[in-house]
Amino acid sequence: MKPHQAWVRTALSIFTIGLFALTSTPISAQSTAPSATLEELSGRLLGYGFDEPELIVGALPAKLPLELALPTGARIIGTQMRSGNNLEIVLDVKDTAETIQAFFATQLKGFESKGSNSSNKGGFVFSGFQSERAYQSDQLYCRPDLSFSVTIYRLDAAIKDVRLRLNGYDCDINAPSNLTLPKLTPPTGAEVRQLTSGYGGEVSSSVRLETTLGATAIYAHYVAQLQAAGWQTSENVTLKVGTIGSLELKDASGKTWRMLLIVTLEGNGNVRASLRAFGV
């Protein structure tokens, strides 16, 4: 064997051994993740590379920005803490959602109840027979410097998943609106392809339909339902791509609401309708 051939074989052997070590060692090292690594992984997944939270397993923070009692028998799963007074407490509570919500309502001193942000507030729907099954129960409470929300999941289970969230911005961004819209059902023959709704300080809803009807007919269909619910049309403009209209409503408390309703053609037999309502 020539000297250079022996050198090449030796180098290949060393490379192969090194490659095997590189590829095999991490597999065995990751087979059992220590708790510290698991905590780091959880923080990174929740933080997406920035503002990684501090995770407290099985306990509340040593200091909270409010006095907080927990329901009898509540099991503390843990707490996720971010910068400032931004934190989420996870509990297991064996009780009804109504009893749990009533408990926290009596505990919060100095907070104003803003109601639920997930209850059915109307807007575009698939059909008049759409079910209203509740998947969560939530209540938002506000004071000038802090928001406190109670959200309950697993409503059908004996032990509820309860989330207590504290931060300083939900009351400015996500405070529920007290406006309830009628259910806006689609025209006969139209297929609903997409629905979105949002209920905060403003109410928004949108729907995309597959239909042979034009934008003007879809607009008239939805306006008729709004008018039947007490909304009055103030003006509308018909454009080549659709129709835009504004409507007004005075609710039982005397507050005036305005709505912008837009219906546009998207092509391929699709029409989109969207609305945004806000108090004035």
Worksheet item: In bins 5 Å wide, starting from 0, what share of all Cα pairs of region 43-118 does each bin hold, as a percent?
Response: 3, 12, 20, 22, 20, 14, 7, 1
Response to the item:
Dividing the mean separation of Cα pairs under 8 Å (6+ apart) by the residue count of region 194-258 yields a relative contact order in percent of 19 percent
Fill in: Hz values of 3J(HN,Hα) by residue in region 83-99 - Karplus curve (6.51, -1.76, 1.60), Gly and Pro given as x
5, x, 8, 9, 8, 9, 9, 10, 10, 10, 10, 8, 5, 7, 4, 5, 5
Worksheet entry | trypsin sites (Lys or Arg not before Pro) restricted to region 54-120 and DSSP loop, no more than 10 other C-beta within 10 Å | Lys63, Lys109
Worksheet item: Out of residues 5 or more away from Leu155 or on other chains, whose amide H comes under 5 Å of its own, with H placed 1.01 Å from N in the peptide plane?
Response: none
Discussion item. Before I look further, what does region 172-280 give for accessible area per residue, probe 1.4 Å, in whole square angstrom?
Written reply: 52 Å²
Worksheet item: Which order do Phe124, Phe50 take when ranked by solvent-accessible area (1.4 Å probe, heavy atoms of all protein chains), largest first?
Response: Phe50, Phe124
Discussion item. I need the phi-derived Karplus couplings for region 147-154: 6.51 cos²θ - 1.76 cosθ + 1.60, θ = phi - 60°, integer Hz, Gly and Pro marked x.
Written reply: 10, 9, 10, 10, 10, 10, 10, 6
Worksheet item: In region 223-277, carbon and sulfur make up what percent of the accessible area (probe 1.4 Å)?
Response: 51 percent
Discussion item. How many angstrom lie between the Cα centre of region 143-172 and the Cα centre of region 97-117?
Written reply: 9 Å
Worksheet, complete the sentence: Contour minus Cα-Cα span, Glu266 to Ala224, at 0.36 nm per residue, comes to 12.9 nm
Worksheet item: With each label point set 7 Å from Cα along the Cα-Cβ vector, what nm distance links Asp161 and Phe278?
Response: 3.4 nm
Discussion item. In Å and on Cα atoms, what radius of gyration and Dmax does region 144-246 show?
Written reply: 18.9, 56
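The values are calculated or read from the model by the stated rules, or taken from the named source; none is laboratory data. Keep in mind that what you see is a predicted model, and the values were worked out from it rather than measured. Note: ideal-geometry Cβ built from the backbone for every residue, glycine included; neighbour counts use all protein chains shown. These accessible areas exclude ligands, DNA and RNA; they are computed on the full protein's heavy atoms, side chains included. Shrake-Rupley method; radii C 1.70, N 1.55, O 1.52, S 1.80 Å.
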